[in-house]
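Reading through the structure tokens given below for one structure.
The values are calculated or read from the model by the stated rules, or taken from the named source; none is laboratory data. These numbers come from a predicted model, not from an experiment. Note that each Cβ is placed from the backbone with ideal geometry, even for glycine, and that neighbours are counted across all protein chains shown. Side chains included, ligands, DNA and RNA excluded: accessible areas come from the protein's heavy atoms. Shrake-Rupley method; radii C 1.70, N 1.55, O 1.52, S 1.80 Å.
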Amino acid sequence: MTIREVLINIRERLQNAGIEDFEYESWAFLDWKLHIDRAEFYMNPNGEVKEELLAELESVLKQREQRVPLQYLMGECEFMGYDFYVDERVLIPRPETELLAERAIAALRANPHPIALDLCCGSGALAVSMALEVPGAQVHAADLSPDALAVTAKNAELLGASVTLHQGDLFAAMPEIAFDVIVSNPPYVTESEKQEMERNVLDWEPFSALFVPDNDPLLFYRCIAELGKGMLASGGRLYFEINRAFGEATATMLRAQGYTNLRVLKDISGNDRIVIAER
């Protein structure tokens, strides 16, 4: 089978499986499994593909047709310009979360000796990015899930970041440290929003990292805000990624708890996505 025929086959199968970004993913599969990028393809589209490579491609393509996320298949997801390891134990980092990372990193850079915490760290994308972008920062990462912390530890090692890990429920495992920045991207999708989500998310990504009850959508934010008052240094800040439907509700809750300088930031799609609050 020629490279051109392989590409056409991948594209058709992904499209038939309902993969929206089938064009991008077709090239990604070609590069990943056959080690052929676009430039090489156009130089030799009629080159023959080895049978053993076709067998490897077939195996992962079948999994993608079952809507296993491409990032899990590849074991990799780009975030803030770094290649993070991901698997089914953690959520796949989203592009909109880079806005949260950028704001937190800017705050850390403005502090001569910053101490930061990534709460509900998952893959460690936020914690590791902060540690890499602000080498002088003391960065901590906490999660209830030992599996998630194992992924964070792997990413810190792979990318050469210094991150201190803590396993426990929210602040339960934390020593008495006054943090300058606490970032968190906790579960925020309401149960009723499940019907709007894609199969690859519902079938493969961890439920515990996604959903909150319809009757208490600010559950994690309220708990973090209450406990955070005792964990933040004077002038320290909370940086939250939020459900787009609850921007003002989150800000109102934080204001009622005594936080100041509240800001609600929008993502590139114009949705409320980040809330910043100062102690």
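Taking other residues whose beta carbon is less than 10 angstrom from the beta carbon of GLY81, and scoring Lys, Arg as +1 and Asp, Glu as -1, yields -4. Given the options ALA39, ALA225, ALA104, state which has the largest fluctuation in a GNM of the chain using a 10 Å cut-off (strictly under) for Cα springs. Of ALA39, ALA225, ALA104, the Gaussian network model singles out ALA39 as fluctuating most. On a per residue basis, region 68-128 carries 38 Å² of accessible surface, using protein heavy atoms and a 1.4 Å probe. Among residues other than ALA55 with Cβ under 12 Å from its Cβ, the summed charge is -1 (Lys and Arg +1, Asp and Glu -1). Taking square-rooted eigenvalues a ≥ b ≥ c of the alpha carbon gyration tensor, is region 28-87 rounded, prolate or oblate, where a/c under 1.5 means rounded and, failing that, a/b exceeding b/c means prolate? Cα axes put region 28-87 in the oblate bin.
Toward the positive end of the charge dipole of the chain, with +1 on the Cβ of Lys and Arg and -1 on the Cβ of Asp and Glu, the farthest Cα among GLN15, ILE268, LEU219 is that of LEU219.
Candidates LEU117, LEU158, SER184 compared by Cα position along the dipole of region 61-197: farthest toward the positive end lies LEU158, with charges placed on Cβ.
Given the C-alpha atoms of the chain, compute the convex hull and give its volume per residue in Å³.
Looking at the chain, the number lands at 135 Å³ per residue.
What dipole magnitude, in Debye to the nearest 20, does region 45-85 give about its Cα centre under +1 on Lys/Arg Cβ and -1 on Asp/Glu Cβ? Spell out each step's value before the answer.
Values: 4 positive and 9 negative charges, 45 e Å.
Dipole size: approximately 220 debye.
Using the Cβ of ALA256 as centre and a radius below 15 Å, the other residues enclosed give a net charge of +1, where K and R count +1 and D and E count -1.
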